[in-house]
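Would you mind keeping the following structure in view while I ask a few things?
Each value in this text was obtained by applying a stated rule to the coordinates, not by laboratory testing. Keep in mind the model is a prediction, meaning the values are calculated, not measured. For neighbour counting, all protein chains shown are included, and Cβ atoms are generated from backbone atoms with ideal geometry for every residue, glycine included.
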């Protein structure tokens with residue numbers, strides 16, 4: 001499994017948690033879908049997904065431990081473009 005596949009799988013895993021607000025789950029799915037699209041350059045997909053994750057991390061409705069997981073995911077996403 002590649003880093004990209006592992007990251008998108010983790011996004012979907014977090015999105016499927018019962019305690020996750022539906023808008024946050026939808027945004028995680030959107031970020032995962034964006035990363036998997038092959039019609040744009042990787043750097044564009046990474047920047048878009050990172051922006052979505054940043055928006056999620058600022059959502060007041062998520063728990064602190066989830067926010068930490070989102071920050072970790074954002075870090076991993078940004079490392080994909082290196």
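Given the convex hull over the Cα atoms of region 3-79, what projected area results after averaging over all orientations, in nm²? Intermediate values should be presented prior to the final figure.
On the way: hull surface 17.5 nm².
So the mean shadow area of the Cα hull is 4.4 nm².
A follow-up question, please. As a test of the formula, what do you get for the chain when each DSSP H run with n ≥ 4 contributes -39,500 (n - 2.57) and the sum is divided by the residue count, at 222 nm and rounded to the nearest 500 deg cm²/dmol?
On the way: 4 runs with 60 residues, N = 82.
About -24000 deg cm²/dmol.
How would 44, 77, 24 line up from fewest to most surrounding beta-carbon atoms within 10 angstrom? Let's see the in-between values first.
On the way: 44 13, 77 27, 24 20.
Taking fewest neighbouring Cβ atoms as first place, the list is 44, 24, 77.
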